[in-house]
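Peer 1: One structure follows; several queries about it will come next.
The values are calculated or read from the model by the stated rules, or taken from the named source; none is laboratory data. Remember, it's a predicted structure, so these values are computed and weren't measured experimentally. For neighbour counting, all protein chains shown are included, and Cβ atoms are generated from backbone atoms with ideal geometry for every residue, glycine included. What goes into the accessible areas is simple: the full protein's heavy atoms, side chains included, and nothing from ligands, DNA or RNA. Shrake-Rupley method; radii C 1.70, N 1.55, O 1.52, S 1.80 Å.
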Amino acid sequence: MTELGCAISGWGAALPPTVVTNTNLEKLFDTSDQWIVERSGIRMRRAATGPFVEATPLAHPPGGLGTTSALAVEAGRRALDSAGATADEVALLVLCTTTPDQAIPATSAAVAHALGTGGGAMDLNAACAGFTYGLVTAASMVSAGIGKVLLIGAETMTSVTNWEDRTNAFLFGDGAGAVVLQPVSGPGSLLGWDLGVDGSLVELLYADHGSGMVMKGKEVFRQAVRATVDSATTALRQAKVSADDITLFVPHQANQRIMHAVASRLGIPVERIASVIEWTGNTSAASIPLALIDAADAGRLAAGDLVLLAGFGAGMTWASAVWRWGA
Ligand code: ACO
């Protein structure tokens, strides 16, 4: 039997129209553009909900404007177009999100309906590590012979932001990024990976049903650097490549200081980091696809280049993948 691999054949992004600058946030709590830029590298973020969006809650019905599913549909449609694929060719839709439209059902059902995809659909919640968890899961299913997979990372983090908490509210934004994964003959693109979770750290970052996020920022920072470096190192080892072989490093866009600290410990120069955090903030499961898509659109990737994706998030979860571009 011929070996079946997986490749990315198209991609697309979506951001809500409302831009929230650091200066805008000065109206909500005692902060400054300079403090936020120095501590996080973030200058602005996009918001689908919250105090800067002109809409009542009634304008945000499940599946409607300002929801995770609306962003996912827009990004998913663009990815299908860019892959030259039709929705009915999709055998599985995987929606990575930690901000679903409703508790029941899975938001992927609404996205599959709006796009008209064939096959199955499921949500995957591994917080900010979600997209890389999804990539490893989806690539494995493509290699098992399922067919094409539409993989989307989409979030409305503003819907779980506590706007009175100045220590956290400036970090988060909304958006979606999607890729189409398709079977190819040969070994394909996923060369190495690592998935992990430590549920004993759940207290570091959580949101109860119906209430805003609670985060112990300093401890998250410390654990994030450690977990991401360990996870990326494991994936590189499994792929039998070194950090020098990596053309593009796509870390979870949580905080520029975390991204730089991780890259430095891995021995990856800053110029090789894919970064959109300055204008998106932390978009959780959407952050890695948004940064990957931005780099691909900017022409920073050529066929054969090695990409290292590494995320961490609430849980605490972590996930890394070494991916050969254009396989
Ligand atoms: N504006 C101005 N001052 C502020 C603000 C603000 N928005 N927020 C806090 N401060 C003050 C604090 O009160 C404190 O003052 P004090 O020294 O008088 O007590 C001072 O600034 C320093 O605050 P720290 O919390 O020590 O700041 P720190 O350098 O740790 O930076 C930050 C905070 C940016 C949140 C950092 O800890 C961080 O990035 N942590 C990781 C967060 C993260 O990545 N989260 C995403 C996880 S992924 C997921 O799953 C969603």
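Peer 1: Within the stretch 110-130, restricting attention to residues that are within 12 Å of the ligand (Cβ to nearest atom) and among the small types (Gly, Ala, Ser), which residue is surrounded by the most Cβ atoms within 10 Å (Cβ to Cβ)?
Peer 2: Here the answer is Ala129.
Peer 1: Related question: Taking the stretch 158-199 as the region of interest, how many residues are aliphatic (A, V, I, L, M) and within 26 Å of Val73 (Cβ to Cβ)?
Peer 2: 7
Peer 1: A further question on this structure: Kindly provide the set of residues from the stretch 131-140 that are within 13 Å of Leu4 (Cβ to Cβ) and surrounded by 18 or more Cβ atoms within 10 Å (Cβ to Cβ), ordered by number.
Peer 2: The answer is Ala139, and nothing else.
Peer 1: Please go through the stretch 35-48 and pick out each residue that is part of a loop (DSSP other than H, G, I, E, B), out of contact with any strand residue (DSSP E or B) (no Cβ under 6 Å at 6 or more places or on another chain) and hydrophobic (A, V, I, L, M, F, W, C).
Peer 2: Ile42
Peer 1: Filter the stretch 2-34 down to residues that are touching a residue at least 40 places away in the same chain (Cβ under 8 Å) and part of a helix (DSSP H, G or I), then give me how many there are. Break it down into steps so the answer makes sense when it comes.
Peer 2: Restricting attention to the stretch 2-34, the residues satisfying the condition of being touching a residue at least 40 places away in the same chain (Cβ under 8 Å) are 2-16, 20, 22, 25, 28-31.
Filter again for part of a helix (DSSP H, G or I), leaving 22, 25.
Total meeting the criteria: 2.
Peer 1: Please work out which residue is nearest to the ligand (Cβ to nearest atom), limiting yourself to the stretch 179-216 and to residues that are under 18 Å from Met141 (Cβ atoms) and either part of a loop (DSSP other than H, G, I, E, B) or without any contact (Cβ under 8 Å) to a residue 12 or more places away in the chain (or both).
Peer 2: Filtering first and then ranking leaves Ser189.
Peer 1: Go through the residues of the stretch 35-47 one by one and say whether even a single one is surrounded by fewer than 18 Cβ atoms within 10 Å (Cβ to Cβ), touching a Ser or Thr at 6+ places or on another chain (Cβ under 8 Å) and either of a type in the set (A, V, I, L, M, F, W, C) or without any contact (Cβ under 8 Å) to a residue 24 or more places away in the chain (or both).
Peer 2: The answer is no, given that none of the residues of the stretch 35-47 is surrounded by fewer than 18 Cβ atoms within 10 Å (Cβ to Cβ), touching a Ser or Thr at 6+ places or on another chain (Cβ under 8 Å) and either of a type in the set (A, V, I, L, M, F, W, C) or without any contact (Cβ under 8 Å) to a residue 24 or more places away in the chain (or both).
So that you can scan it fast, the table gives a plain yes or no per residue for (1) hydrophobic (A, V, I, L, M, F, W, C); (2) part of a loop (DSSP other than H, G, I, E, B); (3) touching a residue at least 40 places away in the same chain (Cβ under 8 Å):
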| site | (1), (2), (3) |
| --- | --- |
| Gly130 | no, no, yes |
| Glu155 | no, no, yes |
| Gly177 | no, no, yes |
| Lys218 | no, no, no |
| Ala224 | yes, no, yes |
| Val229 | yes, no, no |
| Val241 | yes, yes, yes |
| Asp244 | no, no, no |
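Peer 1: Quick one: which helices (runs of 4 or more DSSP H) lie wholly within the stretch 250-327 and hold at least 1 residues that are under 21 Å from Pro183 (Cα atoms) and touching a residue at least 60 places away in the same chain (Cβ under 8 Å)?
Peer 2: 287-297
Peer 1: Moving to a separate point now. Report whether or not Val214 is among the aliphatic types (A, V, I, L, M) and over 22 Å from Gly134 (Cα atoms). Walk me through how you get there before you give the answer.
Peer 2: On the way: among the aliphatic types (A, V, I, L, M): yes; over 22 Å from Gly134 (Cα atoms): yes.
Against the criterion (among the aliphatic types (A, V, I, L, M) and over 22 Å from Gly134 (Cα atoms)), Val214 qualifies.
Peer 1: Just checking, does the stretch 246-254 include any residue being of a type outside the set (A, V, I, L, M), open to solvent by less than 30 Å² (accessible area, probe 1.4 Å) and at pLDDT below 95?
Peer 2: For the stretch 246-254, residues of a type outside the set (A, V, I, L, M), open to solvent by less than 30 Å² (accessible area, probe 1.4 Å) and at pLDDT below 95: absent.
Peer 1: Hey, another quick one. Pick from Ser275, Ser242: which is more than 15 Å from the ligand (Cβ to nearest atom), open to solvent by 20 Å² or more (accessible area, probe 1.4 Å) and not β-branched (Val, Ile, Thr)?
Peer 2: Ser242
Peer 1: Just need a number here: residues in the stretch 83-105 that are without any contact (Cβ under 8 Å) to a residue 40 or more places away in the chain and either under 22 Å from Leu205 (Cβ atoms) or of a type outside the set (A, V, I, L, M, F, W, C) (or both).
Peer 2: The qualifying residues number 5.
Peer 1: Can you find, within the stretch 291-327, the residue that is farthest from the ligand (Cβ to nearest atom) among those that are within 30 Å of Asn24 (Cα to Cα), in contact with a helix residue (DSSP H, G or I) (Cβ under 6 Å, 6 or more places away or on another chain) and modelled with pLDDT of 95 or more?
Peer 2: My answer is Phe312.
Peer 1: Can you tell me which residues in the stretch 158-171 are open to solvent by 10 Å² or more (accessible area, probe 1.4 Å) and more than 7 Å from the ligand (Cβ to nearest atom)?
Peer 2: Correct list: Ser159, Val160, Thr161, Asn162, Trp163, Glu164, Asp165.
Peer 1: Another one. Right, Gly217: open to solvent by less than 30 Å² (accessible area, probe 1.4 Å) and farther than 16 Å from Ile273 by Cβ or not?
Peer 2: no
Peer 1: Has the stretch 74-95 got any residue that is under 19 Å from Asp174 (Cβ atoms), within 16 Å of the ligand (Cβ to nearest atom), buried (at least 23 other Cβ atoms within 10 Å of the Cβ) and assigned by TED's automatic domain parsing to the domain that holds Asn168? Break it down into steps so the answer makes sense when it comes.
Peer 2: Just the residues of the stretch 74-95 that are under 19 Å from Asp174 (Cβ atoms), to begin with: 74-79, 95.
Okay, now just the ones that are also within 16 Å of the ligand (Cβ to nearest atom), so none.
The answer is no; no qualifying residue exists.
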